[in-house]
1. Specify the residue that is modelled with the highest pLDDT; the eligible residues are those in the range 28-49 that are of a type in the set (A, V, I, L, M, F, W, C) and assigned to a loop (DSSP other than H, G, I, E, B).
2. Within the range 61-68, is even one residue crowded, with 18+ Cβ neighbours inside 10 Å and charged (D, E, K, R)?
3. Filter the range 4-27 down to the residues that are open to solvent by 30 Å² or more (accessible area, probe 1.4 Å) and either part of a loop (DSSP other than H, G, I, E, B) or at pLDDT below 95 (or both) and list them by number.
4. Limited to the range 28-46, what total is found for residues that are farther than 15 Å from Arg104 by Cβ and either open to solvent by 60 Å² or more (accessible area, probe 1.4 Å) or among the polar types (S, T, N, Q) (or both)?
Amino acid sequence: VHLVESGGGLVQAGGSLRLSCAASGRTTVGWFRQAPGKEREFVAAIRWRSGNTYYADSAKGRFTISRDIAKNTVYLQMNSLKPEDTAVYYCAATDVWSASEIWRTGYYEYWGQGTQVTVSS
């Protein structure tokens, strides 16, 4: 299964970007990010069937994860971006559901190639 991300780029602080991930209807789809020299960290996840969403504290109130069932696509709308949001953003997916596991990288079976998001100050 190949996940395809798009939508990264360079934006000024306070700006917005929307990332897309063609996820082919996986049970759980998540977004992670990895900044240089740091571990990959959970950003948000969505349960495909119910649309229930989950966020890291750093994303709450600024980022929104959503899905388009007809397009088999998951989006991450990022608003009020900060320089500390600069990272490579990865889409991840799995065919199982466990609310207690969605924050773990090892929970996901499928990963995209990543898309760079750079926020300038």
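1. Among those residues, the one meeting the criterion is Ala35.
2. Yes, the range 61-68 has at least one match.
3. Residues satisfying the conditions are Val4, Ser6, Gly7, Gly8, Ala13, Gly14, Ser16, Ala22, Ser24, Gly25, Arg26, Thr27.
4. The qualifying residues number 3.
Yes or no, residue by residue, for (1) open to solvent by less than 20 Å² (accessible area, probe 1.4 Å); (2) under 13 Å from the mean Cα position of the chain (by Cα); (3) more than 22 Å from Gly15 (Cα to Cα):
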| position | (1), (2), (3) |
| --- | --- |
| Asn72 | no, no, yes |
| Ala93 | yes, yes, yes |
| Ala99 | no, no, yes |
| Ile102 | yes, yes, yes |
| Ser121 | no, no, no |
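The values are calculated or read from the model by the stated rules, or taken from the named source; none is laboratory data. Just so it is clear, the structure is predicted and the values come from calculations on it, not from any experiment. Methodologically, a virtual Cβ is constructed for each residue, glycine included, from the backbone with ideal geometry; neighbour enumeration extends over all protein chains shown. Keep in mind that these areas ignore ligands, DNA and RNA; they rest on the heavy atoms of the full protein, side chains included. Shrake-Rupley method; radii C 1.70, N 1.55, O 1.52, S 1.80 Å.
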